[in-house]
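> Pasting a structure below so you can have a look.
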Number of protein chains: 2
Amino acid sequence: MTETETTGGRRTGGRAGRQAARMQAAAPRVPYLTRTMTPFEALTEEGLSLIEHNADTVLEQVGIDFRDTPDALRLFKDAGAEIDGERVRFPRGLARQLVQASAPSQFTQVARNRANDVVIGGTNTVFAPAYGPPFVRDLDDGRRYGTIEDFRNFVKLTYLTPFLHHSGGTVCEPVDLPVNKRHYDMVYAHMRYSDKAFMGSVTHPRRAKDTVEMARILFGADFLEEHTVVVSLANANSPMVWDSTMLGAAKAYAEANQAVLVTPFILAGAMSPTTVAGAAAQTLAEALAGMAFCQLVRPGAPVILGSFASSMSMQSGAPTFGTPEPALILYTMASLARRLGVPFRSGGALTASKIADAQAAYESANTMQPTILGGVNSVLHTAGWLEGGLSMGYEKFILDVDQAAAWHSFVAGVDLTPNGQALDALLTNEPGTHFLGHAHTLANFETAFWRSTNADNASFEQWDAEGAKDANVRANETWKRMLAEYEPPPIDDAVDEELREYIDRKKASFPDSNA
Amino acid sequence: MTETETTGGRRTGGRAGRQAARMQAAAPRVPYLTRTMTPFEALTEEGLSLIEHNADTVLEQVGIDFRDTPDALRLFKDAGAEIDGERVRFPRGLARQLVQASAPSQFTQVARNRANDVVIGGTNTVFAPAYGPPFVRDLDDGRRYGTIEDFRNFVKLTYLTPFLHHSGGTVCEPVDLPVNKRHYDMVYAHMRYSDKAFMGSVTHPRRAKDTVEMARILFGADFLEEHTVVVSLANANSPMVWDSTMLGAAKAYAEANQAVLVTPFILAGAMSPTTVAGAAAQTLAEALAGMAFCQLVRPGAPVILGSFASSMSMQSGAPTFGTPEPALILYTMASLARRLGVPFRSGGALTASKIADAQAAYESANTMQPTILGGVNSVLHTAGWLEGGLSMGYEKFILDVDQAAAWHSFVAGVDLTPNGQALDALLTNEPGTHFLGHAHTLANFETAFWRSTNADNASFEQWDAEGAKDANVRANETWKRMLAEYEPPPIDDAVDEELREYIDRKKASFPDSNA
């Protein structure tokens, strides 16, 4: 990971030398996580088989509605499914066969800075920031609608931290821009203010095609035929429905060999049965159908099995996070994805709390722990998420990134090299003598322990004398300092111009609308 | 767990009827955790064998100092160890053999209310509150030295929550009482204000003997010969030293067939090498030596292998918590204890934060997750711990108890009964139709999801209208309400009188001292 190339297969032209020099100032980076330990399993093989069997039974007997998508019905009919109006019923095993026949078990998503390419699948875990919040929150101004400036800020903050490996997608909704055009500014922000891999628009098939067009400008049209440079999120309309918006976007990406996160979004008790095994069977059924569709559109197009499941407050019906049941669903779905042989997306720093308080941190940790121990490959919502996804918190983002950093150390596991075993140190240290001055300690001290950039480990007296700052106050200082120090990564000026021209032309070609 | 007996083998006398009636008002209870899933393993069998081998090498070549404990040296000499001054070196495998020959793999700690008996070992996990803080903290008065009133408050709060199964020991230091007499009031508080199992004094062998005497009054002297009613905490003086205070207390308990938590207390980099494998090998060596001592004192006396390990701030040398390295040590030690065949103690809601903020919650969750997934049997510090153990937080206690509650649901695992599978629900629900009104949902809704008693899951607007309370403000209301509603569990008046007489007599027999 020492090479720093720009813009994929695209020529960098005469400005290459100057740009290479500027590249030296690029943000620090660390590789995505490569887990070394065997994932935690919530179920035995027998239990997992049972859920797979149930998913097949549901696909066979109930089937899935593919609404307003005649091409999907045609594809499924040709593949051997039973079509009844918009209902698609899958003979037992068909959906699984369609996925396993051609979906890759892992794939590389190329970033315009190739040092930031991510491999999604296997024992890898790739962190991306939160996705989708219409609101933002910070300590200074409280909660307010997100703007394109906030969007750019979170792209910049994500670029600046080495512990998020991916720029994400809708890091917040830029509510100040018209709904039918904001995707241009969002995709451009990822392309221009970061050099990490990113996600595309899914709110309309046309917007997905715009994303692909812009990616062709950035990476070169030929390059896209052979490489995946965009990952996008398609949510099922649970229970058991795929609609034309999401499926149309998924189709646009799959046709262009770009990756689709096929994610049933389940509020258990509302969009699925209340139980873990019931929600898991349904999630598997819906995801299998969505992934099978992508494979029929273009065999070999990368897909990721996604699971987003929350529990529910019995008092209010509101979604709840960081609770035991979603963790069990996550572990179960991670195991099912491994058995199927496709990359898995789930988890993140989820919480229902409105602020980054102890509730937020407890709930977030309770989701991130299964995310890592279960073996998730692609993690949206790693940083920033508040209020059940309605709000993106600046301070929460910083706190979550600090936790993301810690996971890099954890997944490396126990060092069993001679230095790691430290037997020489143990055999040369007298009982009752501390190890602080031992040569082994001095040699390892700098790198022995993960360092938090947010935690305060000082004495009470020192902490109190320094203003008794809580974690949020410290995080507030951090994101402001980061944004003040931000410098954009270099980009080929011609490419940048072409992107801007594309956006201007398209924006001028139809009127603004918030529909 | 439906019977509610008082005072172990002790007769309850003529007041039994009246007391049985009062018993109906006892605090609600739920059983300790019985885990159903296979623990997470940080190392393979090969890695664990390597660490065991290294521990044996250290015991053989370096050995352990047993300071000012001539009886320990005699016992070890007779058992085949090599004695050199106060140094005890163990031929390879000896310490392990001594432990495995007689230490029980699990044991019952009897509570004076037999419904609160806990089985320590196997797949069980027993939660106790934090242990040892000299300070307490609450939102109203901030941080201050703990008093006996605070001590009683935390005994009462622990009694009142069903999610802590054990009353713990030094829930805070009652600094307002003389050091050499405060153990009487502490042990009495556990006996009188709760009916859960508790821990004894370890600050002097005489105080350990007082604890045993008081337990004989409460449970009956004969009863103690056959039953374990006290568990106590003996920390090694790492590296590689056991001193006469801790060992003397351990001996007093083991002689009386009472249980000892044999716990090396390791600040990695200071009391051990910096590395996970090094700290684990040393912890195992020290714990094996301590447990072997207890088995020589009284074969079959219950012992628990304890591990308390923290990482260190490279800036200040301060201990840090909730970081990756202690989690890896915990997972490693849990596996080693399982291989050895003794119960394991570790973990808790540990943090270096001075307040119950996001740092505290993140760090606590990052320790409690390995505590459960690693398969810890006995958990001190489940609730209240702040500031690296220097402070006991009232609000932190409530927040942690809420998390302890959640673990009860998690460890039950995935329900694969027909109701849990929910296949009928999946097969009778039309695509696109929500499950809220389905018979399966209505039948399961009340019990489907764990309910937090602290989390706020309301909308932003509702939360804001209700005062925008953070988790701490809500917790503050909870502990005050609990204390206001507290009623002591019944006790045999004659036993209570005998306990008080014992305490008064002993207190009068020697002068106060703070040494």
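The values are calculated or read from the model by the stated rules, or taken from the named source; none is laboratory data. A quick note: this is a predicted structure, and the numbers were derived from the prediction, not measured. Cβ coordinates were reconstructed from backbone atoms using ideal geometry, including for glycine residues, and neighbour counts include every protein chain displayed. Remember, those area values only see protein heavy atoms, side chains included, never the ligands or the DNA or RNA. Shrake-Rupley method; radii C 1.70, N 1.55, O 1.52, S 1.80 Å.
> Using only DSSP helix segments of four residues or longer, with each worth -39500 (n - 2.57), what per-residue ellipticity at 222 nm results for chain B after dividing by its residue count and rounding to 500?
-14000 deg cm²/dmol
> Additional query: Once you keep just the Cα pairs under 8 angstrom separated by 6 or more residues, what percentage relative contact order results for chain A?
Rounded, it is 19 percent for chain A.
> Tell me, how many Å apart are the Cα centres for the stretch B:465-507 and for the stretch A:262-340?
44 Å
> Hey, any idea what % of the stretch A:127-186's accessible area is carbon plus sulfur with a 1.4 Å probe?
Carbon plus sulfur share of accessible area: 50 percent.
> Also, quick follow-up: Per residue of A:349-357, what is the mean number of Cβ atoms on other protein chains within 10 angstrom of that residue's Cβ?
If you average over the peptide's residues, the count of other-chain Cβ atoms is 6.
> Mind listing the label-point distances from B:R500 to the same position on all other copies, shortest first, one decimal in nm, points 7 Å along Cα→Cβ?
Once sorted, the set of distances for B:R500 reads 8.6 nm.
> Taking 35 Å as R0, compute the FRET efficiency from the Cβ-Cβ separation of B:R481 and B:Y145 and round it to 0.05.
Efficiency computed from Cβ-Cβ geometry: 0.90.
> At a probe of 1.4 Å, how much accessible area disappears from chains B and A on forming the pair, both sides counted, to the nearest 100 Å²?
9400 Å²
> Related question: Can you tell me which of A:80-88, B:423-431 comes out highest on packing, and rank the rest after it, using the mean Cβ neighbours within 10 Å?
So the order, starting with the most tightly packed, is B:423-431, A:80-88.
> If I take R0 = 25 Å and measure r between the Cβ atoms of A:E501 and A:R206 in this structure, what FRET efficiency does the formula 1/(1 + (r/R0)^6) give, to the nearest 0.05?
Computed FRET efficiency for A:E501 and A:R206 comes out at 0.85.
> Let me ask something else about it. Given charges of +1 on the Cβ of Lys and Arg and -1 on the Cβ of Asp and Glu, with all other atoms neutral, how large is the dipole of the stretch B:324-417 about its Cα centre, in debye to the nearest 20?
Dipole size: approximately 400 debye.
> If one computes the Cα centroid of the stretch B:377-423 and of the stretch A:156-177, what distance in Å separates the two points?
Each part reduced to its Cα centre gives a spacing of 33 Å.
> While we're looking at this one, here's another question. Taking each pair of distinct Cα atoms in the stretch B:241-389 once, what is the resulting Kirkwood hydrodynamic radius in Å?
One over the average 1/r among Cα pairs gives 15.6 Å for the stretch B:241-389.
> Now for a different question. Taking all protein chains together and a probe of 1.4 Å, list A:R500, A:R345 from the most accessible to the least accessible.
Putting A:R500, A:R345 in descending order of accessible area: A:R500, A:R345.
> Rolling a 1.4 angstrom probe over the protein heavy atoms, how many square angstrom per residue are accessible across chain B?
Here the per-residue accessible area is 34 Å².
> Would you work out what percent of the accessible area of the stretch B:32-121, with all protein chains in place, is carbon or sulfur (probe 1.4 Å)?
46 percent
> Quantify how strongly other chains surround peptide B:443-452 by giving the mean number of their Cβ atoms within 10 Å of each of its Cβ atoms.
Mean shielding count: 6.
> Here is a further query. Please give the average number of partner chain Cβ atoms lying within 10 Å of the Cβ of each residue in B:315-323, rounded to a whole number.
4
> For the stretch A:360-515, rounded, prolate or oblate, judged on the Cα gyration tensor with a ≥ b ≥ c (square roots of eigenvalues), a/c < 1.5 rounded, else prolate if a/b > b/c?
Here the stretch A:360-515 falls in the prolate category.
> Still on this structure, please answer the following. Assume the label is 7 Å from Cα along Cα to beta carbon: what separations in nm does A:P418 have to the matching positions in the other copies?
Reported distances to equivalent positions: 6.4 nm.
> Right, something else. Compute, for chain A, the length of the dipole vector about the Cα centre, with Cβ point charges of +1 (Lys, Arg) and -1 (Asp, Glu) only. Units Debye, rounded to 20.
Dipole about the Cα centre, nearest 20: 1140 debye.
> Next up: For A:E466, go 7 angstrom from Cα along the Cα-to-Cβ vector, then report the distances to that same point in the other copies in nm, smallest first.
3.5
> Highest first, please rank the peptides A:240-250, A:61-71, A:137-147 by the mean number of other Cβ atoms sitting within 10 Å of their residues.
Peptide ranking by packing, descending: A:240-250, A:61-71, A:137-147.
> Here's a follow-up. Of the accessible area of the stretch A:404-488, with the probe set at 1.4 angstrom, what percent is carbon plus sulfur?
That fraction is 54 percent.
> Another question, if that's okay. Would you kindly find the accessible area of A:R216, with a 1.4 Å probe and non-protein molecules such as ligands, DNA and RNA excluded, rounding to the nearest 10 Å²?
Surface accessible to solvent at A:R216 totals approximately 70 Å².
> From the residues A:L499, A:A458, A:S513, which one has its Cα farthest along the dipole of the stretch A:450-515 in the positive direction, the dipole being from +1 and -1 charges on Cβ of Lys/Arg and Asp/Glu about the Cα centre?
A:S513
> Report the one residue of B:M312, B:P302, B:T69 whose Cα lies farthest in the direction of the positive end of the charge dipole of the protein assembly as shown (charges on C-beta: Lys and Arg +1, Asp and Glu -1; origin at the Cα centre).
Positive-end residue among those listed: B:P302.
> To the nearest 20 debye, what charge dipole does the protein assembly as shown have about its Cα centre, counting +1 at the Cβ of each Lys and Arg and -1 at the Cβ of each Asp and Glu?
440 debye
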